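Novice: The following block contains the structure, expressed as structure tokens.
The values are calculated or read from the model by the stated rules, or taken from the named source; none is laboratory data. The shown structure was predicted, so the numbers you read here are calculated from the model rather than taken from an experiment. Glycine also receives a Cβ, built like all others from the backbone with ideal geometry; neighbour counts cover every protein chain displayed.
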């Protein structure tokens, strides 16, 4: 028997390892894992040093280990539905077989079976992979229906899908495991304002209430757990993700603004305290990615959740998650009158732009341990940073934020689309393998891009961005009716393109003594249906023009007048675009 090392030799994902597999005739074994995932951590302790696994995988395989959060492009294409994902690949990156968590004996047997199958039935396996690729191409093509251009009337169907997925007994949407479904809640709040429908607001607020009250909110340390393993929210999966905290923060702040109820403010404050105390990295001026659930200590400690105080924190600094928390801090801080939150959000974004987003290129996905940017050009990062920059511009009027948002939008439109096809690629070179078969348009990322482009159009008057936002939506007109509650993201994109916001235009020279107070007043009155833009004051004075979706514009010069002007404009929100308006 060949001598086997006491640990696996893990390779990094690269074109070189696939080239080596082709040259040596070996297969690849791919592990996709999350640092916060309990089962990923369990495999680290109990599987990878098992002698049976070492023998099976050291014989005929090149083992590749990928942090799914650091390489979402790889994760999106090869994940087996959950983490960890264990995938056997050909040297051409064709998936032969795969599964989620496997104990040592099962994994060793699976590896042996894959090797035997490739020895005896290689041609059949490769023929099946070609059929799978053709089926995938047909499935991707079916996402877009050329006969159906995005339309505001599609919102009716999206609203029906969200309502149908609502859990009227336990709150939230869908069954176990139960996730927050942030786009659905946000869409319901938007529609409740535009349709003046209290039932839609109640459906959204009930979803937030049950998460906070029934187990997803951590009353000991603050912040929200990732999901619940049961439909009644009582069995949370106790990891906490930075991006989730950003969404919870924004929703609770908005609900407090809409209802005045104190519990939403308290949940927002607890979430802020958590991310500041547990996830903020003072040396970098950025936030860490996540906090894992400490499964090793769960059974040993009393009190259930006290173990979180010793749980590991993933210290990776991700661009998209930091952009999302920066945007949430600016938005929520403005709505709640928390100037320190706004300041922290702006500083975070400035640090992110300096370290992860070069002015002449794409933003990277994360910063490594040496502070170097890694994995550039993912669509999700460009969209998140662009949206955060537009949020910061509306809060400050600083032209640099608008400049950076414009630059990212232009680069996305130029380098992440295929002429003649709607939508935007999630990466120009997915997985770093330069294989056309791996090109894809991610639904969630395109919805974010639609929002980014539409807001840029509203804030600058550059109408071509509305047409481009419509193009991002058009890539999914053939599938949105088949994805249930997840169609809420498509609905939010439709709102951004077709439903006019309340637009506040601040006309004020940079040095005007009244500018700062009027900017602060705009920040306080902003909520998601309200956009703020800046123009140089032609008259040398300082004033705000408040334009409702319909009706006459109102001009105010005193900060105290702004609240009533915005409230009046919000009363005129609607769904149907004005005659002649469109993307």
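Novice: In segment 101-141, which residues are over 30 Å from residue 478 (Cβ atoms) and under 31 Å from the mean Cα position of the chain (by Cα)?
Specialist: Selection gives 101, 102.
Novice: Ok, one more. Of 160, 167, which residue is under 25 Å from residue 240 (Cα atoms), over 21 Å from the mean Cα position of the chain (by Cα) and at pLDDT 95 or above?
Specialist: Answer to the check: 167.
Novice: When residues of segment 471-491 are filtered for being surrounded by 18 or more Cβ atoms within 10 Å (Cβ to Cβ) and out of contact with any helix residue (DSSP H, G or I) (no Cβ under 9 Å at 6 or more places or on another chain), how many remain?
Specialist: The total comes to 1.
Novice: Could I ask something else about it? Taking residue 284, is it under 29 Å from residue 199 (Cβ atoms), over 18 Å from the mean Cα position of the chain (by Cα) and outside any strand (DSSP E or B)?
Specialist: Taking the combined requirement at face value, the residue does not satisfy it.
Novice: Then there is this: Could we say that residue 477 is out of contact with any strand residue (DSSP E or B) (no Cβ under 7 Å at 6 or more places or on another chain) and either free of Cβ contacts under 8 Å to residues at least 40 places away in the same chain or at positive phi (or both) here?
Specialist: Answer is no for this residue.
Novice: What's the number of the condition residue 508 fails, among (1) out of contact with any helix residue (DSSP H, G or I) (no Cβ under 6 Å at 6 or more places or on another chain); (2) farther than 21 Å from residue 404 by Cα; (3) crowded, with 20+ Cβ neighbours inside 10 Å?
Specialist: So residue 508 meets the others, but not (1).
Novice: Quick one: which helices (runs of 4 or more DSSP H) lie wholly within segment 474-577 and hold at least 1 residues that are more than 30 Å from residue 140 (Cβ to Cβ)?
Specialist: Those helices (runs of 4 or more DSSP H) span 515-525, 559-570.
Novice: Does residue 407 count as in a helix (DSSP H, G or I), over 30 Å from residue 259 (Cα atoms), under 21 Å from the mean Cα position of the chain (by Cα) and outside the structural domain of residue 529 (by TED's automatic domain parsing)?
Specialist: Against the criterion (in a helix (DSSP H, G or I), over 30 Å from residue 259 (Cα atoms), under 21 Å from the mean Cα position of the chain (by Cα) and outside the structural domain of residue 529 (by TED's automatic domain parsing)), residue 407 qualifies.
Novice: Answer yes or no as to whether residue 49 is more than 13 Å from residue 88 (Cβ to Cβ) and assigned to a loop (DSSP other than H, G, I, E, B).
Specialist: Criteria met by residue 49.
Novice: The conditions are (1) under 21 Å from residue 439 (Cα atoms); (2) touching a strand residue (DSSP E or B) at 6+ places or on another chain (Cβ under 6 Å), and residue 40 fails exactly one of them. Which is it?
Specialist: (1)
Novice: Condition first: surrounded by fewer than 22 Cβ atoms within 10 Å (Cβ to Cβ) and at pLDDT below 85. Now tell me which residues in segment 420-441 satisfy that.
Specialist: 428, 429, 431, 432, 433, 434, 435, 436, 437, 438, 439, listed by residue number.
Novice: Another question about this same structure. Only one residue in 32, 28, 54 is under 23 Å from residue 123 (Cα atoms) and crowded, with 17+ Cβ neighbours inside 10 Å. Which one?
Specialist: Step by step, each of 32, 28, 54 is checked, and only 28 is under 23 Å from residue 123 (Cα atoms) and crowded, with 17+ Cβ neighbours inside 10 Å.
Novice: Can you find a residue in segment 44-61 that is within 20 Å of the chain's Cα centre (by Cα) and at pLDDT 95 or above?
Specialist: Checked against the condition, which is being within 20 Å of the chain's Cα centre (by Cα) and at pLDDT 95 or above, segment 44-61 yields no hits at all.
Novice: Go through 467, 400, 444 for me and flag whichever is at pLDDT 95 or above, surrounded by fewer than 22 Cβ atoms within 10 Å (Cβ to Cβ), closer than 21 Å to residue 32 by Cβ and out of contact with any strand residue (DSSP E or B) (no Cβ under 9 Å at 6 or more places or on another chain).
Specialist: 444
Novice: Exactly one condition in (1) in contact with a strand residue (DSSP E or B) (Cβ under 6 Å, 6 or more places away or on another chain); (2) not in a helix (DSSP H, G or I) is false for residue 219; which is it?
Specialist: Among (1) in contact with a strand residue (DSSP E or B) (Cβ under 6 Å, 6 or more places away or on another chain); (2) not in a helix (DSSP H, G or I), residue 219 violates only (1).
Novice: Moving on. Look at residue 13 and say whether it is surrounded by 16 or more Cβ atoms within 10 Å (Cβ to Cβ), closer than 20 Å to residue 89 by Cβ and out of contact with any strand residue (DSSP E or B) (no Cβ under 7 Å at 6 or more places or on another chain).
Specialist: When the stated conditions are applied, residue 13 does not pass them.
Novice: OK, next. Give 192, 151 a once-over and let me know the one that is under 25 Å from residue 573 (Cβ atoms) and not in a helix (DSSP H, G or I).
Specialist: Being under 25 Å from residue 573 (Cβ atoms) and not in a helix (DSSP H, G or I) holds for just one of 192, 151, which is 151.
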